[in-house]
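The structure appears below as structure tokens.
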Amino acid sequence: METYLNTPIKEVISKFPKVGEILEEYEIGCVPCTVGSCLLKDIIEIHNLSEEDEQEVLVRVAKVIYPDRNIKIPKIERKAKTRSKEIRYSPPMKKLVDEHVLIQRWIALIPQVLEHLDVESPEDLKIISEGADFIRSYADKFHHAKEEDILFKYFDENLDVLKTMLEDHTKGRGHVKALIEAVEKKDKKGIVEHLNAYRELLTEHIKKEDEILYPWMDRNLSVKEVGELFSKFNDVDEISGNGVTERCRAFVIKVEEKVQTPKKEVRP
Ligand SMILES: [Fe+2]
Ligand SMILES: [Fe+2]
């Protein structure tokens, strides 16, 4: 069993697809992950399962790998405490989670904005352009830059979990570039395709960060590092945050009001 705990998860899953299904039952989504060189034991640690769930997963995985043998299940060493039910973020991590909330507010509006999109309407195109500006200025330049330039530097950049997050950021940038080109060409199909793809990507990305990555990082940062991060994030907020945050918040409020206002009935 030790051998498989130290084997990259993609290798384990390609040999034993049932293992992927078991992990998914515990909300460990390794099958769709494109990197997949995390070791099985690291995956168990990073998802911080309760001790009972960890034992249960390992017993089930062992039964798939060694169906005819009774395997002794090793205990996975943890650097930090197991999960408490409610996630409590450190102050710097809470800042990032709060920034996600504003991004989620814009993402939640996308289906309604696209439903009524008329590419011949300058007002409609302006909303899409401002939405692209929101993604570039707030979600990417402001928020993702805090992650990439500050937070991720506290961890080994070769970790799969970080590579996966960086891949998501890059894919997001690609969709926004294509979205802006589609706006310039008044290409409705392109706008719908790339804005929807961005919405799907970021919805999953934020869930992974809020529920897995940030809590795991919090468990592995020292008190001193948490303090440093908080002060570095405050510096970014002071230098580049305020204008961007206010402009982007105003955009979200404007679109929320627009989509929530019922259209006036036109009577013949
Ligand atoms: Fe991110
Ligand atoms: Fe994020």
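A few notes on this one:
- TYR89, TYR26, TYR138, ranked by accessible area, largest first (probe 1.4 Å): TYR89, TYR26, TYR138
- With every protein chain in place, the chain: carbon and sulfur % of accessible area (1.4 Å): 53 percent
- Theoretical FRET efficiency, 1/(1+(r/R0)^6), r = Cβ-Cβ of GLU167 and ASP68, R0 30 Å, to 0.05: 0.15
- Using the Cβ-Cβ distance between ILE87 and LYS224 with R0 = 25 Å, the FRET efficiency computed as 1/(1 + (r/R0)^6) comes to roughly 0.70.
- Protein-only accessible surface order, largest first, of ASP118, ASP237 at 1.4 Å: ASP118, ASP237
- Too-long pairs where the Cα-Cα distance tops 25 Å, listed order kept, from LYS185/LYS207; LYS153/LYS207; LYS94/LYS232; LYS186/LYS208: LYS185/LYS207; LYS186/LYS208
- Convex hull per residue volume in Å³, alpha carbons only, for the stretch 58-175: 198 Å³
- Measuring nothing but how far apart in sequence close Cα pairs (under 8 Å, 6+ apart) lie, relative to its length, the stretch 141-268 scores a relative contact order of 26 percent.
- This model, with +1 at the C-beta of Lys and Arg and -1 at the C-beta of Asp and Glu, gives the chain a dipole about its Cα centre of some 180 debye.
- Of ILE191, TYR154, PRO91, farthest towards positive along the dipole that unit charges on Lys, Arg, Asp, Glu beta carbons give the chain: ILE191
- Nearby lysines by direct alpha-carbon distance to LYS63 (threshold 28 angstrom, same-chain neighbours under 8 apart not counted): LYS10, LYS15, LYS18, LYS41, LYS72, LYS75, LYS79, LYS81
- Seen from SER121, the other residues with C-beta closer than 13 Å to its C-beta sum to a net charge of 0, counting Lys and Arg as +1 and Asp and Glu as -1.
- Extension gain, ASN6 back to GLN260 (0.36 nm per residue minus Cα-Cα distance, nm): 86.2 nm
- Estimated inter-spin distance, LYS153 and ASN196, nm [label 7 Å along Cα→Cβ]: 4.0 nm
- Over 28 Å [Cα-Cα, the chain], rounded percent: 46 percent
- When nucleic acids and ligands are ignored and a 1.4 Å probe is applied, GLU51 ends up with an accessible area of around 90 Å².
- Stokes-Einstein D in µm²/s, Kirkwood radius over Cα pairs - the stretch 200-244 at 37 °C with 0.692 mPa s viscosity: 268 µm²/s
- The chain - accessible surface per residue (Å², probe 1.4 Å): 56 Å²
The values are calculated or read from the model by the stated rules, or taken from the named source; none is laboratory data. Remember, it's a predicted structure, so these values are computed and weren't measured experimentally. Please note: Cβ atoms are built from the backbone with ideal geometry, for glycine as well, and neighbour counts cover all protein chains shown. The protein model used for the area step is the full one, side chains on, heavy atoms only, and it has no ligands, DNA or RNA in it. Shrake-Rupley method; radii C 1.70, N 1.55, O 1.52, S 1.80 Å.
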